[in-house]
Amino acid sequence: MSRDLYTFFRSSTSYRLRIALAHKRLEYTPHYVSLPKMEHRTPSYRGLHAQGLVPLLIDGDRSLIQSMAIIEYLDEVYPDPPLLPAETDGRHYVRAVSQIIGCDIHPLNNVRVLKHLQTQFGADEAATKAWYRHWIAEGLGGLETYVAGAGFAGRFCYGDTVTMADICLVPQIFNAQRFDCPIDDYRTLVAIFERCMALEAFHATQPNTQADAF
């Protein structure tokens, strides 16, 4: 069965999918969609993805959007190795961590939001970075407290097993580093990030390894 991933190297949501596919050892053909060149807004791409966003995964005859929904799909269709815990409390925790990142932190610092701040409200580079750093501090501060105090964390967000929570965390830390956000106070999260980056699925799929990064 063919599998195609529409991706952009700096897109954190695309990075999530690359990690998940690599972790599950699922092969795919990459299709590079340049966000700076607005290729995601072309009629041909919108014919594939109505929102005109990345990532998009086409798995056989299934067209799949929204990274966390796709990760859960992959876990149901290709369950080994699992990315969600078997027990109810663990699944809630992993989903909560993932949604703090995917629903609370990432949307406020998405490229299209930053561009809108600049074009609509005249924010310069310094103001844009200040906005970004504020919401990173707000989001990662709460996430650090939650992960450190929930009692589930081990080597990774959930014990010693890679889950969707780690797959969402790593691209967000990457983005924080890219925008020079101070992250030393988030000791639990940074330690998990570093352990994840020692794994092939995370290291080999990072933005600077992608063909469209050059």
* Structure fact -> per DSSP, antiparallel bridges as share of beta bridges in the stretch 1-110, % nearest 5, sits at 65 percent
* Structure fact -> Counting only DSSP beta bridges fully inside the chain, the antiparallel percentage to nearest 5 is 65 percent
* Gaussian network model of the chain, Cα springs within a sub-10 Å range: biggest mean-square fluctuation belongs to which of Glu125, Glu27, Glu144? -> Glu125
* Structure fact -> Taking Lys and Arg as +1 and Asp and Glu as -1, residues besides Leu117 with C-beta under 14 Å from its C-beta add up to +2
* Based on the alpha-carbon gyration tensor of the stretch 106-214 and its eigenvalue square roots a ≥ b ≥ c, which shape applies: rounded if a/c is under 1.5, prolate if not and a/b is larger than b/c, or oblate? -> oblate
* Count the net charge of all other residues whose Cβ sits under 10 Å from the Cβ of Met164, scoring Lys and Arg as +1 and Asp and Glu as -1. => 0
* Structure fact -> From fewest to most C-beta neighbours within 10 Å, the residues Met68, Met164, Met1, Met197 line up as Met1, Met197, Met68, Met164
* Find the centroid of the Cα atoms in the stretch 106-144 and in the stretch 171-188, then give the distance between the two in whole Å. => 14 Å
* **Charge tally in the Cβ shell below 13 Å around Ile192, where Lys, Arg are +1 and Asp, Glu are -1, Ile192 excluded** => -1
* Structure fact -> Residue-ordered couplings for the stretch 190-199, obtained by feeding phi - 60° into the Karplus form 6.51 cos²θ - 1.76 cosθ + 1.60 and rounding to whole Hz (Gly and Pro as x), are 5, 5, 5, 3, 5, 5, 4, 5, 7, 8
* To do: Would you list, by chain and number, the lysines whose Cα falls below 25 Å from the Cα of Lys115, excluding same-chain residues fewer than 8 positions away?
  => Lys37, Lys129
* Asked: Among Arg3, Arg10, Arg187, which comes first, second and so on when ranked by fewest other beta-carbon atoms within 10 Å?
  -> Arg187, Arg3, Arg10
* Relative contact order of the stretch 88-201, defined on C-alpha pairs under 8 angstrom at six or more residues apart (%) -> 31 percent
* Structure fact -> With a ≥ b ≥ c from the Cα gyration tensor eigenvalues, square-rooted, and the rule rounded for a/c under 1.5, otherwise prolate when a/b > b/c and oblate otherwise, the chain is oblate
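Each reported figure results from applying straightforward, stated rules to the coordinates on display, with no laboratory input. Because the structure is a prediction, the values reported are computed rather than measured. Reconstructed Cβ throughout: ideal geometry from the backbone, glycine too, with neighbour counts over all protein chains shown.
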